[in-house]
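Let me begin by presenting the structure, written as structure tokens, before commenting on it.
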Amino acid sequence: MRYNPAKIEKKWRKKWFKEKTYEPDLVRAKNPYYNLMMFPYPSAEGLHIGSVRTFTGVDIYGRFKRMQGHDVFEPIGLDGFGIHSENYALRINQHPMKLAKVTEKNFYRQLSEIGNAFAWRERLETYDPAYYQHTQWLFIQMFKHNLAYRKKAKVNWCPSCLTVLADEQVIAGKCERCGTPVVKKDLEQWFFKITDYAERLLANIEKLDWSDPIKTAQRNWIGKSEGAELEFRIKNHESSIKVFTTRPDTLFGATYMVLAPEHPLLANSTLQMANREAVEKYIQAAAQKSEIERTAAGKEKTGIEVKGVSAVNPANQEAIPIWISDYVLATYGTGAIMAVPAHDERDFEFAKKFKLPILQVIEPNSSFIVVISRSLNKNFYEQIQKFAKVTPGTGTWNGLNLIYTEEVGKVFDIAEKNFTSGPWYIHSEGPVKKILLHAADGKNERFDWGNKDEFRKAYEFGIKIEIKKEQLDFSDVYAAYIGEGVLINSGKFNGLKSEEAKWAITKAVGGEKKVQYRLRDWLISRQRYWGPPIPMIFCNDCGWQPVPDKDLPVKLPFIREFRPTGTGASPLASVKSFHQVKCPKCQGRARRETDVSDTFFDSAWYFLRYPSVHAKISKLEIPWDQEITRRWLPVDMYIGGAEHSVLHLLYSRFMTMALHDWGLVHFEEPFATFRAHGLITKNGAKMSKSKGNIVSPDSYMKAYGVDAIRLYLAFLAPLTEGGDFRDSGIRGITRFLMRVWNFYQDPKIKLARVSDEKIQKLVSQTIQKVSRDIQNLQYNTAISALMIAMSGFEKSPENVSKEDRMQFLKLLSPLAPFITEELWSIWKQKGTIHHSRWPEARVEKASDTAEFIIQINGKTRAILEFPRNISEAGISASLAKNNALAKFFIAPPKKVVFIPGRLINFVI
RNA sequence: GGGAGAGUGGCGGAAUUGGUAUACGCGGUUGACUUAAAAUCAACUGUCCAUUUGGACUUGAGGGUUCGAGUCCCUCCUCUCCCACCA
């Protein structure tokens, strides 16, 4: 029979669907495994080849888990609400609500073709009222738990999309979607208080089985820093300015202050400004500047002094000038800083430009103490001695005092410190940029010289790093910052070490210790049409009231004029029948909120909904069944794009944590394991319609079959790596599939009952390799192993037992589900291959012999078989007789390195 | 400017984590089959000498540690991604 992928794919797809092959029993499953991929936002262009790779990649893993005995749940849905879809509708001049129906159909068609083991019954769409009634319910819960609040704030406004953007959607000052520079606009908005959870979101990261870059990205996004909040009085005025600083020890060096242009004090009319007009002009100019202009890299700082007003440095009661500059962010800390130009690069730059006084208050200490190594080897000593010698007169060696390094070109003190046991020495030759720390447990830790966090870590580890004044330019901020300097010009605090002084000074001036996060509250409101209406009603008498549960969902009405108005109001604001409502409390006249919520809110909880899509839940209740949720969640394996490493993943964690605190879910973290897949590019660029480089999977699937495409995409590279799409290698895969097909064509062939030893070994190795590789998402090498196995089979087909043939099919089945299912049935096996048990590698008898790598001077000269337990003497004697190697043994070797059972190396 | 990561044949990529570098596949060369082509099958395919049996050199560049380095350390170069005035 000829291999006809189209025919067999159609047949099995239908059968699997009919027999619910991939629908686990959500209520009773014994061994649940929630295998999830990030659900796509559907564009009418359809799936591109990159998403097919991700989806099938996730599916391969799920099928593998199923055969290992798990009840795998692999749901699919569409993240169809939001700017993505709406912008697309705008572009092609169609109504998003109508368009959604079209894209939905197209997407589900494509998704059904790629051979994934989706649980089709549980699909969901975020724009379906049956779904977003729960989204709205959750909003109300957020409100009731004081996690949703309104705030008038400067928001990021995209003049092109005519909407407000979250900070996360502003990329280097530009709109994430259209690249237009973002401006600031004042609007009253709904926010979620994610900052309440900053500390837990940060702390929990440690516990997650996520790839490290993603964890780092989340840590940086949360951006914790510890410092103090200090208050500066304003001279001859009742108000004061609060600042946040991580360096309260430098307070005496604060020679001026800088306020953000948006700082509320500047609007205070009782302030006696001598140059109010000029100040207001500056503020206005700053407001009009786009984010990108204000934050452009290397941009020269601008600013204006507030004349006639001064602040009082609480440390020494000296009057210091107040400046305004847009390098100070209104949204971080208190929107004001104390400027210490001697110890901060930006302040320094500013002070130089405007000729402001610079006062040094930290004197780097004279002894430089580092690090390292209790396992001193002799080279270490030699190096240290070498350096010590080249700088005669710089100190004693025996007491380990001075050492020379090139970078700073100066001398460092090395002294023994109070470590529990030592000695600890500097480990460096040449420039000291990185410092190697040998910890007690034998692990090495590296500390980056230029990185203040790393240095803090070193500091906490108990290593004091102090820097001589003449050793560094004062502009080397990080070094100076970290250097445990000693205070000077600081009155009674002189002589105190930085770290002690921080809190002593804070206390003395009545400041308080404070932790500051970079993370800001999550802006939920969108002045757009295509999203779930925010279920809130404003009544003049009763204030903001949630829509009563019984009135959910607040349906998004079909309106003709869905385009953004550009006025800052949602298109829904012009629909009277929508927003004219009664107050749920007093029944008086009230106005419904006309903004919709952010798409990221839809996707922050969808994984909770999937297993409960068909559970019996009234809309007044929690949107998921407690029993089912307990069984299936948290998600076991989550795979998605690295571009969501902060936004979606952080929001989902936040939501889950809040729900946990309200007792609605039993876990804090939604995704036990997360892996980011690689990005498939085309001609080096991300696939996008605008670049015209979208590769559609349809024609490929038609031409080669789905199995071939799945294999090919898996074969490109490990799933976690990306790559450029080329179809040149696809022939290798079709050849392989053809060989597999042909090999299994005759089920009546006479076969050995048991494979010969060689085949047995091959099968066993392949099982091991494929199992390990699929577990690690390295499908490329799994396929390679299967190809090797097939080549081995083809050399002696009659020696491959039926059992081993079936083992091979099973190994291939997650990757190529159709062809294997067909061959499985041709060979009259019971049921579906996809519910068969994953093969276990035969436990091989440890053979008595082993292959030894024979090296001469570290170079491999031969690989020979010897008894596994042969001794060094035994192997040497035997090798001396070996003709090919005899020439190396004219003289006895200087040294022999012998690793039993594995390797012998003769140094001659 | 900060953070994360990567440099291996003509190409995609392997290398049980310090022990045969270039698995597997693409592409290429030659041959078989064919009137011919495609498909298929077989052999070869990192570079340079010797071309027989070998030998030398090769993982961005340079240095180091080691009996032994693609893998660990240092310096430099190049590229990709993320973040970006966060006090």
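Derivation of every value follows stated rules applied to the coordinates shown; laboratory data play no part. Here the structure is a predicted model, which is why all the values come from computation and not from measurement. Glycine gets a Cβ as well: all are built from the backbone with ideal geometry, and neighbour counts include every protein chain shown.
The length gained by stretching the chain between A:Asn31 and A:Ile488 to full extension, at 0.36 nm per residue less their Cα-Cα distance, is 157.9 nm. At an R0 of 51 angstrom, the distance between the Cβ atoms of A:Lys881 and A:Trp503 translates into a FRET efficiency of 0.10.
When the Cα gyration tensor is reduced to axis lengths a ≥ b ≥ c, the ratio a/c is 1.5 or higher for the stretch A:736-882, and with a/b above b/c it is classed as prolate. Under 5 Å from the amide H of A:Ile749 lies no amide H of any residue 5 or more positions distant or on a separate chain, with H modelled from the backbone and absent for Pro and chain starts. Using a cutoff of 8 angstrom between alpha carbon atoms and counting only pairs six or more residues apart, the relative contact order for the stretch A:20-110 works out to 42 percent. Placing R0 at 25 angstrom, the Cβ-Cβ distance between A:Glu851 and A:Asn776 gives a FRET efficiency of 0.45 after rounding to 0.05. Placing a label point 7 Å from the Cα of A:Lys144 along the Cα-to-Cβ direction, the residues of the stretch A:544-586 with a backbone N closer than 17 Å are A:544-554, A:584-585.
Taken over the stretch A:545-662, the alpha-carbon convex hull comes to 165 cubic angstrom per residue.
Remark: spin-label model distance A:Met1-A:Phe538 equals 6.8 nm, labels positioned 7 Å along the Cα→Cβ axis.
Separation between the A:Asp549 and A:Lys355 pseudo-spin-labels, each 7 Å from Cα along Cα→Cβ, expressed in nm? Between A:Asp549 and A:Lys355, the simple spin-label model gives 7.0 nm. With both labels modelled 7 Å from their Cα along Cα-to-Cβ, the A:Lys895 to A:Arg735 distance reads 4.7 nm. Highest mean packing comes first when the peptides A:502-513, A:893-904 are listed by Cβ atoms within 10 Å, giving A:502-513, A:893-904. Highest average first, the peptides A:532-545, A:750-763, A:706-719 ordered by how many other beta carbon atoms sit within 10 Å of their residues are A:706-719, A:532-545, A:750-763.
Where does the charge balance sit around A:Val907 when Lys and Arg score +1, Asp and Glu -1, over other residues with C-beta under 15 Å from its C-beta?
Surrounding charge for A:Val907 is +3.
Using 0.36 nm per residue and subtracting the Cα-Cα separation, the extra length available between A:Asn316 and A:Asn869 on full extension is 191.1 nm.
State the extension gain, in nm to one decimal, for the chain segment bounded by A:Arg219 and A:Asp698, taking 0.36 nm per residue of separation less the distance between their alpha-carbons. Each step should come with its number before you reach the end.
Working: separation 479, 0.36 × 479 = 172.44 nm, distance 3.99 nm.
Roughly 168.4 nm would be gained on extension.
Note on A:Lys105/A:His614: beta-carbon distance plugged into 1/(1 + (r/R0)^6) with R0 of 22 Å gives a FRET efficiency of 0.55.
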